[in-house]
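Below is one structure; the comments refer to it alone.
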Amino acid sequence: MGQKSISTIKGYHAHIYYDATSKEGAAALRAAIEDKFTVEMGRWRDEPVGPHPSAMYQVAFEVEVFADFVPWLTLNRNGLVVLIHPRTEDDIADHTAFAMWLGEKLELDIEVLKQLITR
């Protein structure tokens, strides 16, 4: 398998997972992210959606934001589980081979992504 160019990365997503007991902390983290970084906040998803096994919201950010945002998020995630992945136009690899986890690694439903590709 040949090396991939980082130019294939068009941006990143961070998925911030929460449950009923951690939603308040997720809201505080969301407010801090919005205050500190130029990112695009996704909506609250209180039920599992797509390949994601629990409630979450998405943070979309540009390549240039990675170096400041990801270290900050690493230190300030309030114990929440976070999936960070690039956007390379290969959704399956982005969510698996190229994925980075802060906290516990959750089991994603990759079959959902496979079904989307075959449509």
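The values are calculated or read from the model by the stated rules, or taken from the named source; none is laboratory data. This structure is a prediction, so every number in the text was calculated from the model and none was measured. For neighbour counting, all protein chains shown are included, and Cβ atoms are generated from backbone atoms with ideal geometry for every residue, glycine included.
Assorted remarks:
- Lys4 being surrounded by 12 or more Cβ atoms within 10 Å (Cβ to Cβ), charged (D, E, K, R) and part of a loop (DSSP other than H, G, I, E, B): yes
- Of the candidates Pro53, Pro71, the single residue that is modelled with pLDDT under 95, out of contact with any His (no Cβ under 9 Å at 6 or more places or on another chain) and not hydroxyl-bearing (Ser, Thr, Tyr) is Pro53.
- Leu80 falls short of the stated requirement of being within 23 Å of Thr8 (Cβ to Cβ), of a type outside the set (Phe, Trp, Tyr) and in a loop (DSSP other than H, G, I, E, B).
- Residue match in segment 61-71 (condition: part of a strand (DSSP E or B) and in contact (Cβ under 8 Å) with a residue 12 or more places away in the chain): yes
- Top-ranked residue in segment 4-34 [being of a type in the set (Lys, Arg) and within 21 Å of Ala93 (Cβ to Cβ); ranked as nearest to the chain's Cα centre (by Cα)]: Lys10
- Residue tally, condition farther than 30 Å from Gly25 by Cβ and either exposed (fewer than 12 other Cβ atoms within 10 Å of the Cβ) or aliphatic (A, V, I, L, M) (or both), over segment 78-119: 9
- Residue satisfying all of: in segment 83-107; out of contact with any helix residue (DSSP H, G or I) (no Cβ under 8 Å at 6 or more places or on another chain) and in a helix (DSSP H, G or I); farthest from Thr21 (Cα to Cα) among these: Ala93
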